[in-house]
Amino acid sequence: MNDKFLICYDKYSYEEKPSSKAIKKITNIIAKNEIKVSIEELKYLILDGHTWCTTTFINGKKLQDEMKSQQLFALDFDGGISKDEVLARAEKYNLPIVLLYETLSSTDWNRFRAVFAHHEPVMNKQLAKLIQLCIYEMFPEADYSSKDFTKLYFPGKEAYMPKTEKCFYLYDLLINMPLYLKERDSAHCKRKIETIAKTTGIVLQNNTFKIDFSQNCAPCNTP
């Protein structure tokens, strides 16, 4: 993959997870530091001790309402599923992973993060939230904090880049997420989709999210 992705990152590196005081400082400044990186360059930033954020922001403020763009999406796993299981599920449902990395506190990959790349930058907060929630629903073992598309991701100590790197498409995600839910828990599938719609403000039509794919994947907010 030769594409480059715009992210925010902390210019200071840490050999261990930043303290609460440091995290507060990082949160206040990270939105001011944008950088365009390849996945391999992101890997080396992470291994070099840098905290990063998948989202970029307007006015240098790390707030959902200040979201400017996002193309990478990530999940944080603190146990309950192995990296091989995550990779297998991602492959089954056509949601390719571009990077996996082990957290600093992990032992034998029991804690790790998975990174996914959308085929183009997302410029709409509702759409970014929709994508993040749909990916989370496909991996309910992920930490609850992963529902926040502006989440900070701390450095890691080992990284793995799958050999077949490619981006995912929203169209495929909106087909495969309900498919996964039906296979896992069909009784609650409809309720989960309705909850996502309510959270994002994107309306449903025929039990699917109403998206105008002719307008750069613009969400439709009216029935």
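Scanning the stretch 88-102 for residues that are outside any strand (DSSP E or B) and within 11 Å of A74 (Cα to Cα) returns I97, V98. Scanning the stretch 138-157 finds one or more residues that are within 26 Å of K43 (Cβ to Cβ), at pLDDT below 95 and either in a helix (DSSP H, G or I) or open to solvent by 70 Å² or more (accessible area, probe 1.4 Å) (or both). Scan the stretch 37-44 and give yes if some residue there is aromatic (F, W, Y) and open to solvent by less than 80 Å² (accessible area, probe 1.4 Å), otherwise no. No - not one qualifying residue is present in the stretch 37-44. For the stretch 158-195, a tally of residues being open to solvent by 70 Å² or more (accessible area, probe 1.4 Å) and in a loop (DSSP other than H, G, I, E, B) returns 4. One residue is enough: does the stretch 69-85 have a residue meeting the conditions within 18 Å of T200 (Cβ to Cβ), within 14 Å of the chain's Cα centre (by Cα), aliphatic (A, V, I, L, M) and buried (at least 20 other Cβ atoms within 10 Å of the Cβ)? Within the stretch 69-85 (the criterion being within 18 Å of T200 (Cβ to Cβ), within 14 Å of the chain's Cα centre (by Cα), aliphatic (A, V, I, L, M) and buried (at least 20 other Cβ atoms within 10 Å of the Cβ)), the answer is yes, since at least one residue qualifies. When the test is whether a residue is under 13 Å from Y153 (Cα atoms) and either of a type in the set (G, A, S) or open to solvent by less than 70 Å² (accessible area, probe 1.4 Å) (or both), L100 passes it.
Among residues of the stretch 1-29 that are without any contact (Cβ under 8 Å) to a residue 40 or more places away in the chain, those with a Cβ under 7 angstrom from a residue that is not in a loop (DSSP other than H, G, I, E, B), sequence gap 6+ or separate chain, pair up as K4/K36; K4/V37. Taking every residue in the stretch 31-58 that is more than 18 Å from L75 (Cα to Cα) and pairing it with any residue that is open to solvent by 10 Å² or more (accessible area, probe 1.4 Å) and assigned to a helix (DSSP H, G or I), at least 6 positions away or on another chain, the pairs with Cβ-Cβ distances below 6 Å are A31/G60; K32/G60; F57/E66; I58/E66.
The values are calculated or read from the model by the stated rules, or taken from the named source; none is laboratory data. Keep in mind it's a predicted model, so treat the numbers as computed, not measured. Neighbour counts are summed over all protein chains in view; Cβ atoms, including those assigned to glycine, are modelled from backbone coordinates with ideal geometry. Keep in mind that these areas ignore ligands, DNA and RNA; they rest on the heavy atoms of the full protein, side chains included. Shrake-Rupley method; radii C 1.70, N 1.55, O 1.52, S 1.80 Å.
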